[in-house]
Ligand code: 6R9
């Protein structure tokens, strides 16, 4: 049975435990249905009410949703606010001001913590340092930082002065960084000398230097460097400053700059179906509303909670559920710098016990790797730690297979914690389809139902609804406040990528396939329907990897990249390559494959390295010259070829391409 079939016959149901229902913000399905009804009856009134209740406005909005230039929707657009004030200043003068905002556990296990009041002072001082660099409202700032309190401070400080940040994940290459600096027209890069991962000191600043040296960064004026470790790094006079130098003499008082609700809070690059990453642009008001509200709804966050989202700030999950949501909700959160398997694969469980974590949010790929570790080594099994503080578990980034779900439920949640399998995307800004811990009966492997106000549906190519039980394309039929506003600098691509003409041009196409169950109407995500892969929860474009491979012009003539299922990473990258020289075999083939892997790591980042590389004299193509990717996907999976191959010029290449190195 295939993974999708096994998911379709899943019939275990886990109703929310009484303890989770009692006192929950959305308590029971009646409460959920009431909110959905409210949104259905008065869509604008529903969102206006929530925006008034959950966001502090400097200037109240009078217009809720402006659809006059769809799909360029505007929300609350005559209102003014500041995102950082909504995360920090609003807690001052309340009991939250002296509450711990962040507990930070470093790679080496060292723990520090900071209260809301202290965090506000640090953000204020850093914001003043940014202003002293000449950075102003509307400027773009690249953040290339490790998981540290300073990373969150940098993001909040940008928001405070109205600068638009663009965080680049610390695993991306110099080339990727260079492209993002140029595309965003960034005036500054905020980075660290090194990052610590698994006891190793890995360079960041040196990669920034390499990225800038590649040229074209004409807008860039300054680089600010957090000295994460005592090891020195090269500094360019007049351009680079350490944090200490930049913060010297700066006051911790910095008035937040009110911005219009539609002001771009951040740009976050993500992979699409072409070679060029998309700069997903988010607005301030709607995004902040959703970050705060989903903390309340999905995680039912309470004053005594200790929230832990393991995502890096380089991804959208680390934006919404590390840098903004927990602070807007006034929660205490844990931030972790290291890796889950170092110094041992029980690190997560140990940290949950140590910090008394109550709400834990991680990715299926991490769960699967920790299951594997626990199965091979009893000592790192979660049973060795007391996890009784936990009350809610979350999953994000990719479909969670029912086996992993059951293990997580039993061994981490002690069969008492609801698991919220949150479906969302960089483009949606926050959760869109997810169970509610105090309401939704859970079915393993299903993200269940849309949040109130999210008009999700499954349709065919023309936008027509598909009945429950049949698969189709996931869409969201009405706009929502935290949705992507545009692709930075490319509004045409925004329209083309997300709002297909065939569906009328105003319906958001998620890019995922999905099916609703016949009994409950629950959604199950069946995977991407475009050329985007999901490897360990990270989005990678097949075209991006293909472009990287063919850019090795001395060696590669042609390349095609597809995904194949992988037990641990969800999907794995499989590259089919035609070289400019004769097809290599044996040891030589292995050596060239390694060379190509390292090349891809240099061009994009280590996460994009192909797991399999196969060499052929040619690629399978149709008569019109199109690469038959479907065929390549079958070969990558090791399946027998059932497709019609009569149009192939040279069927013998299929055997070549099936050959593993
Ligand atoms: C938040 C995030 C988005 C893509 C998305 C889908 C997959 C995310 C999922 C899920 C099944 C879930 N995805 N959550 N698939 N169940 N609970 O991951 O954003 O990096 O943009 O990836 O991830 O394929 O389209 P992003």
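Please label the shape of region 70-165 as rounded, prolate or oblate, based on the square roots a ≥ b ≥ c of the eigenvalues of the alpha-carbon gyration tensor (a/c under 1.5 means rounded; beyond that, a/b larger than b/c means prolate, else oblate).
Here region 70-165 falls in the prolate category.
Our helix-only sum for the chain, with -39,500 (n - 2.57) per DSSP H run of n ≥ 4 divided by its residues, gives a mean residue ellipticity at 222 nm of -8500 deg cm²/dmol.
At full extension, residue 652 and residue 53 could sit 209.1 nm farther apart than now, given 0.36 nm per residue minus the alpha carbon distance.
Region 556-602 and region 95-125 have Cα centres separated by 44 Å. All C-alpha to C-alpha distances of region 420-517, sorted into 5 Å bins beginning at zero, yield P(r) values of 3, 13, 23, 24, 20, 11, 5, 2, 0 percent in whole numbers. Relative to one another, the C-alpha centroids of region 14-81 and region 384-448 are positioned 23 Å apart. Cut-off 18 Å, label point 7 angstrom out along Cα-to-Cβ of residue 492: give me the residues of region 265-307 whose amide nitrogen falls inside. Under cut-off, by backbone N: 273-279. On the basis of the beta-carbon distance and an R0 of 25 Å, residue 342 and residue 611 show a calculated FRET efficiency of 0.70. Taking each residue as 0.36 nm, the span from residue 415 to residue 590 lengthens on full extension beyond its C-alpha to C-alpha distance by 58.4 nm.
Find the centroid of the Cα atoms in region 147-192 and in region 449-521, then give the distance between the two in whole Å. After rounding, the separation between the Cα centres reads 30 Å.
Legend: calculated FRET efficiency, residue 386 to residue 200, from the Cβ-Cβ distance at R0 = 22 Å, rounded to 0.05, equals 0.15.
How would you classify region 144-201 from its alpha-carbon gyration tensor, with a ≥ b ≥ c the square roots of the eigenvalues: rounded for a/c under 1.5, else prolate if a/b is greater than b/c, otherwise oblate?
It comes out oblate by the Cα gyration axes.
So what's region 253-328 giving for Cα Rg divided by 2.2 N^0.38 Å, two decimals? Don't jump to the answer; show the numbers that get you there.
Details: Rg = 14.4 Å, N = 76, 2.2 N^0.38 = 11.4 Å.
With N residues counted in region 253-328, Rg over 2.2 N^0.38 Å equals 1.26.
Residue 622 label point, 7 Å along Cα→Cβ, cut-off 19 Å on backbone N: hits in region 537-562? Within reach of a label on residue 622, which here means backbone N under 19 Å from a point 7 Å along Cα→Cβ, region 537-562 contributes 543, 559-562.
Judged by the gyration tensor of its Cα atoms, with axes a ≥ b ≥ c, region 33-117 is prolate; a/c meets the 1.5 cut and a/b is the larger of a/b and b/c. Each label point was placed 7 Å from the Cα along the Cα-to-Cβ direction; for residue 34 and residue 375 their separation is 4.5 nm.
Its Cα gyration tensor gives the chain an equivalent ellipsoid; the semi-axes, largest first and in whole Å, are 36, 31, 26. Each residue, residue 94 and residue 219, gets one label point 7 Å from its Cα in the Cβ direction; the gap between the two is 3.5 nm.
Throughout, read-outs are computed from the coordinates displayed, never taken from laboratory work. These figures come from a predicted structure and were not determined experimentally. Every residue, glycine as well, gets a Cβ built from its backbone with ideal geometry; the counts of neighbours run over all protein chains shown.
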